[in-house]
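Have a look at the structure below, then the notes.
The values are calculated or read from the model by the stated rules, or taken from the named source; none is laboratory data. On a predicted model such as this, the values are computed, not experimentally measured, just so you know. Here the Cβ positions follow ideal geometry from the backbone for every residue, glycine too, while neighbour counts run over all protein chains shown.
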Amino acid sequence: MANYPTKLFGIVGYPLGHSMSPGLHNWGFREVGFPGVYLAWSEPPEKLKDFFRAVRLLPILGGNITIPHKVEAMKLVDKVSERAAAIGAINTFYWKGEELWGENTDVIGFLAPLKGRSFKKALLLGAGGVSRAVIAGLKDLGVPEIIIANRTLEKAQALADHFHIKAIPWDERMKPEADLIINATSQGMKGEQVDKSPYEEKWLEGRKGLVYDIVYNPLETLLLRESKAAGWETVTGLTMFVEQARAAFALWTGGVEMPQAPATAKVKELLGL
Ligand code: ATR
């Protein structure tokens, strides 16, 4: 084996902004001794077709797909997993023999910290890009009642219709007695919304359950701080980020795992935590 990287990987998106994926995967390849290199490819929508032609021409063994290409890219691979088809979006591509496959490892990442758990009623806050993967994950987990609330009700209703779940107005999100609450809004994220929470602490009182924030920067959002104070269990978005990356990595390397604890430490380092 050559002692320099011979296999290309990368993330395609537009605009790419600040992605942690190159830092994490390049570290992972070195860590397990895999001859890969992971690049960042900023390609606008009109170049996406050409990009996938390049994937079929160059020694590109896999990659991640991010905003705004997750839906469109589904049409440019040969096959997608059942899970990805149900979600209607892919965030990962890889080769299975001569076929280029699309997968959605966001669901795998979302489910990782919930493995073996069961919940009666889930409340999902937000109806953006990541919410589809969350709903598919909750269905996979077998949660019998899933309710979605979003500031713009129409977006929640569209997802509710697609997945056969219930949508409620944003102002009524305190009503369902959920034992699992997931934040998939941008409230609490580093920047303008860092001091915001999508759910009030007083609504958590007198009940028990788990609050899962998809946000990972900051690691402990206002929502998670208040949930802890109210005696609820909490899960940060860091696990989901690390696990979606580990699932993709294993697809690319033919099952070689990116070690979990050091990967989590690496992401924290990349976040400056
Ligand atoms: P992503 O693709 O990462 O999910 P997004 O599509 O921009 O990001 O979704 C952001 C989510 O945060 C949306 O559900 C958005 O609500 P709208 O659909 O009404 O825009 C939600 N969101 C953003 N700012 C919010 C705020 N101030 N209050 C409540 N929800 C907010």
Checking the condition more than 18 Å from residue 135 (Cα to Cα) and free of Cβ contacts under 8 Å to residues at least 12 places away in the same chain, which residue from 202, 196 passes? 202
Among (1) assigned to a helix (DSSP H, G or I); (2) away from the ligand (no atom under 16 Å from the Cβ), residue 73 falls short only on (2)
Complete set of residues in region 199-240 that are within 15 Å of the ligand (Cβ to nearest atom), surrounded by 23 or more Cβ atoms within 10 Å (Cβ to Cβ), within 29 Å of residue 103 (Cβ to Cβ) and not charged (D, E, K, R): 212, 214, 215, 221, 237, 240
Consider only pairs whose beta carbons are under 8 Å apart and that are at least six residues apart or on different chains; among these, list those whose first residue lies in region 55-71 and is within 21 Å of residue 88 (Cβ to Cβ) and whose second residue is exposed (fewer than 14 other Cβ atoms within 10 Å of the Cβ). 68/45; 69/45
Looking at region 76-129, which of its residues are surrounded by 24 or more Cβ atoms within 10 Å (Cβ to Cβ), assigned to a helix (DSSP H, G or I) and either touching a residue at least 40 places away in the same chain (Cβ under 8 Å) or basic (Lys, Arg) (or both)? 87, 105, 106, 109, 110
Inside region 93-129, can you point out the residues that are over 24 Å from residue 204 (Cα atoms), within 16 Å of the ligand (Cβ to nearest atom) and of a type in the set (A, V, I, L, M, F, W, C)? 107
Using the structure shown, decide if residue 253 is crowded, with 19+ Cβ neighbours inside 10 Å and modelled with pLDDT of 95 or more. yes
Only one of (1) closer than 20 Å to residue 106 by Cα; (2) at pLDDT below 95 is not met by residue 190, so which one is it? (1)
Would you check if there is a residue in region 139-161 being within 10 Å of the ligand (Cβ to nearest atom), of a type outside the set (S, T, N, Q) and assigned to a strand (DSSP E or B)? yes
